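The block underneath contains the structure these notes are about, expressed in structure tokens.
Each value in this text was obtained by applying a stated rule to the coordinates, not by laboratory testing. No experiment lies behind these values; they were computed from the predicted model shown. Neighbour counts run over all protein chains shown; Cβ positions are idealised from the backbone, glycine included.
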Amino acid sequence: MLLVVDNGSIYTKNLTDFLTEKNILFEIQTPNNLNMNSLSKYDSFILSGRRKNEKKVNEINSKIVNHSIKNNSKLLGICYGAEILALTLGGTIKKSTSLQKGNETVRIFENDLIKDDSLLVFESHNFEISKLPPDLLSIGESINCKYEIIMHVNKPIFGTQFHPEMSLDGNNLIKKFCML
């Protein structure tokens, strides 16, 4: 079962609509309502984007990242979800030089999850990963962002700086993640 952690992104409904349309079984919880003792009933997680920075939400998302690593559970971090993935494992983030919003082409240079050379995606973020920790690799970049798609070196854990729920190529990426 997939757990979608709704961190307050305005795009979460697009994500859940896509999962419903593709008949992918999931539950959705907000971090503040999530029973952390129930994590073992899920085999995969999607961490959504967010609207504001909250310490408690960050702590809960970090615990989900650590749970996924410890239990070899699949995890996809979207925008903030990718940032908290990097932060949890020892990376850093920074404020973007400007708001990144709109369509962007991501060049793929590692083909484990993605078989295409590039993806057309939708960006909407003020922060971005600035340094990856040793356990994460960059597998896609754009002109404006060095770490558009990241993956764990040996776990089924991925992150996207962009919002895959907002484009056809991104939807295909979500579907591939769910079918891993």
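Stretched out fully, how many nm does the piece from Asn72 to Asn172 gain, at 0.36 nm a residue minus the Cα gap?
Result for the pair: 33.7 nm of gain on full extension.
With both partners inside the range 2-179, how many of the DSSP beta bridges are antiparallel, as a percent to the nearest 5?
60 percent
Helices from the chain with mean Kyte-Doolittle at least -1.0 and a Cα length along the axis of 20 Å or more, per DSSP H: which?
Both cut-offs are met by 55-71.
Using the alpha-carbon centroid of each, what span in Å lies between the range 4-70 and the range 114-180?
With the range 4-70 and the range 114-180 each reduced to a Cα centre, they are spaced 17 Å.
Let me have the 222 nm mean residue ellipticity of the chain computed from DSSP H runs of 4+ only, each contributing -39500 (n - 2.57), with the sum over all residues rounded to the nearest 500. Show your work: numbers first, answer last.
Values: 4 runs with 48 residues, N = 180.
Per the formula, -8500 deg cm²/dmol.
Provide the FRET efficiency to the nearest 0.05 for the Arg107-Thr30 pair, computing r from the beta carbons and using R0 = 25 Å.
Numbers: r = 34 Å, r/R0 = 1.37.
Here the calculated transfer efficiency is 0.15.
Need the list of lysines near Lys101 for cross-linking: C-alpha distance under 21 angstrom, and skip anything on the same chain fewer than eight residues off.
Lys13, Lys52, Lys146
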